[in-house]
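Colleague: Before we start, here is the structure in question, set down as structure tokens.
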Amino acid sequence: MSTFQAGYTLLSLFSTVLGIIFVFIDGMLLWSILFFVLAIMLVLTKIIWNVAGWAENITQKLGDE
């Protein structure tokens, strides 16, 4: 795993943990929702990057044949 991926994963986990912690603190529900949404968006962005990279590799391999 590259340094970028490790940092990306750490940021996503950190956002999820903050979202869980803020649920239990009075008056922090909006912040909790914000951090949960941030974590979900980071995960979805990572999945989209993986699919885009896979599609690019497949397309290049098909062009080589």
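Only the coordinates and a few stated rules stand behind these numbers; no lab work does. Given the structure is predicted, the values throughout are model-derived calculations rather than measurements. Note that each Cβ is placed from the backbone with ideal geometry, even for glycine, and that neighbours are counted across all protein chains shown.
Colleague: Please rank Phe24, Phe35, Phe14, fewest neighbouring Cβ atoms within 10 Å first, as an exposure proxy.
Modeller: Phe24, Phe14, Phe35
Colleague: Suppose R0 equals 35 Å. What FRET efficiency, 1/(1 + (r/R0)^6) with r the Cβ-Cβ distance, do Ser2 and Leu34 give to the nearest 0.05?
Modeller: 0.80
Colleague: Could you tell me, in Å, what Rg and Dmax come out for the Cα atoms of the chain?
Modeller: In Å, with Rg to one decimal and Dmax whole: 17.0, 61.
Colleague: Relative to the first principal axis of the alpha-carbon coordinates of the chain, what is the inclination of helix 29-64, with its axis defined by its Cα atoms, in degrees from 0 to 90 and to the nearest 10?
Modeller: For helix 29-64, the angle is close to 0 degrees.
Colleague: Compute the helix-to-body angle for 3-23: its Cα long axis versus the longest principal axis of the chain, expressed 0 to 90° and rounded to tens.
Modeller: Computed tilt is about 30 degrees.
Colleague: If you don't mind, another one. Compute the length gained on full extension between Leu13 and Thr59: take 0.36 nm times their separation in residues and subtract their Cα-Cα distance, giving the result in nm to one decimal. Walk me through the intermediate numbers first.
Modeller: Working: separation 46, 0.36 × 46 = 16.56 nm, distance 3.28 nm.
Contour length minus Cα-Cα distance gives 13.3 nm.
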